[in-house]
Amino acid sequence: MLRLALYQPDIPQNTGTLLRMAACLGLAVEIVEPAGFDVSDRHLRRSGLDYLDHVTVTRHRSWDAFEAWRRGAGIRLVLATTAAAVPYTRFAFRDGDCLLMGRESAGVPEAVHAAADARVVVPIRPGLRSLNIAVAAALVAGEALRQVGGFPGAHPD
């Protein structure tokens, strides 16, 4: 199973959207706290609607707690970042990967970059900064699911 990790998310509406996507696509979600909002906040439920009952969410109290869990489980961490050189469409995803998305306001610190097993980028037009986090996550997760034959009800090529 692929996992989607959210590093200290800032915007509850984006987090709710990502939880809804994860529910629909069968992704587990890891939330690395502290978040910029109360994770049980009504904004999260409003964005995620009743889909939140269909997604497995694990909250990690800190980056260190998340890293200890991930390393102990032997899970490969793939960071989506504008600082990467490898386009996500040219990366070989594996079943069990954890796709990490950074904070909307600041991405991830250098220590998180260094801890990632791989870094991928969603190429965009020159002169523009970045996509919305939920849009970027959907693109990367969709490609990862396509590669591993993980779309619900789909069969590998």
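The values are calculated or read from the model by the stated rules, or taken from the named source; none is laboratory data. A quick note: this is a predicted structure, and the numbers were derived from the prediction, not measured. No Cβ is skipped: glycine too gets one built from the backbone with ideal geometry, and neighbour counts run over all protein chains shown.
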Kindly indicate the residue of the stretch 77-106 that is outside any loop (DSSP other than H, G, I, E, B) and out of contact with any strand residue (DSSP E or B) (no Cβ under 8 Å at 6 or more places or on another chain) and also nearest to Q13 (Cα to Cα) among those meeting that condition.
T89
Report, by residue number, each residue of the stretch 119-143 that is surrounded by fewer than 18 Cβ atoms within 10 Å (Cβ to Cβ) and in contact with a Lys or Arg (Cβ under 9 Å, 6 or more places away or on another chain).
none
If we keep just the residues of the stretch 1-34 that are among the hydrophobic types (A, V, I, L, M, F, W, C) and part of a strand (DSSP E or B), which is surrounded by the fewest Cβ atoms within 10 Å (Cβ to Cβ)?
A28
What tally of residues in the stretch 61-118 results from selecting those that are of a type in the set (D, E, K, R) and farther than 22 Å from L19 by Cα?
5
Within the stretch 1-56, of all residues that are hydroxyl-bearing (S, T, Y) and within 22 Å of H113 (Cα to Cα), the one modelled with the lowest pLDDT is T15
Among (1) farther than 25 Å from I11 by Cα; (2) surrounded by 13 or more Cβ atoms within 10 Å (Cβ to Cβ); (3) touching a strand residue (DSSP E or B) at 6+ places or on another chain (Cβ under 8 Å), the one test that R146 misses:
(3)
Looking for something surrounded by 12 or more Cβ atoms within 10 Å (Cβ to Cβ) and assigned to a loop (DSSP other than H, G, I, E, B) - is there at least one such residue anywhere in the stretch 64-73?
no
Sole exception among (1) surrounded by 15 or more Cβ atoms within 10 Å (Cβ to Cβ); (2) more than 15 Å from the chain's Cα centre (by Cα) for F93, by number
(2)
